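Since every read-out is calculated from the coordinates, none of them should be taken as a lab result. Bear in mind that the values here come from a model prediction, so they are computed numbers and not experimental data. Cβ placement follows ideal geometry from the backbone for every residue including glycine, while neighbour counts extend to all protein chains displayed.
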Amino acid sequence: MSSRPLGPNCERSVIFVAKWSYGKKNTEEFYKRLREQLQDSAQWPSNYLYKFIVPTDTRKIEQIHAVFDNTGAVIESKQSKKGKYTSISVTVHLKNPDAVIEKYKEVGLVEGVISL
């Protein structure tokens with residue numbers, strides 16, 4: 001786990017690089033551990049920085065944007081050199097670790113997305 005400031009007007013953001021597992025038990029354990037780490041690493045409400053990589057496909061990118069609609073999120077996208085993938089960074093102010101996890105789960109429904 002690492003954390004870094006977002007800027008002078010933002011609170012600390014925590015970035016987790018996770019290896020997502022497909023078993024229900026492993027997923028539940030992962031989210032439990034993430035919730036604990038988020039509670040211990042930031043004061044809530046707080047800004048949170050999500051990073052995703054997705055195959056460059058307008059529909060998939062729009063699906064990720066839709067998850068953060070009406071949240072006040074700042075979304076930045078950048079295509080890879082060959083244009084095959086798009087990295088998406090989302091900075092959003094959330095009320096608690098459960099809200100962070102909820103968004104991870106929603107984005108996780110997008111086919112081919114990698115959450116960093």
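Tabulated data for the structure shown
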{"read-out": "Candidate lysines for bridging to K32, where Cα separation is under 29 Å - those fewer than 8 sequence places away on the same chain excluded", "value": "K19, K24, K51, K60, K95, K103, K105"}
{"read-out": "Ranked list, fewest to most other Cβ atoms within 10 Å of each Cβ, for F30, F52", "value": "F30, F52"}
{"read-out": "K32 paired with K51, simple spin-label distance in nm, labels 7 Å along Cα-to-beta-carbon", "value": "2.8"}
{"read-out": "Potential lengthening between Q79 and T58 on full extension [0.36 nm per residue; Cα-Cα distance subtracted]", "value": "6.4 nm"}
{"read-out": "Label point 7 Å beyond Cα of Q39 along Cβ direction - residues of region 82-105 with amide nitrogen under 12 Å", "value": "97-98"}
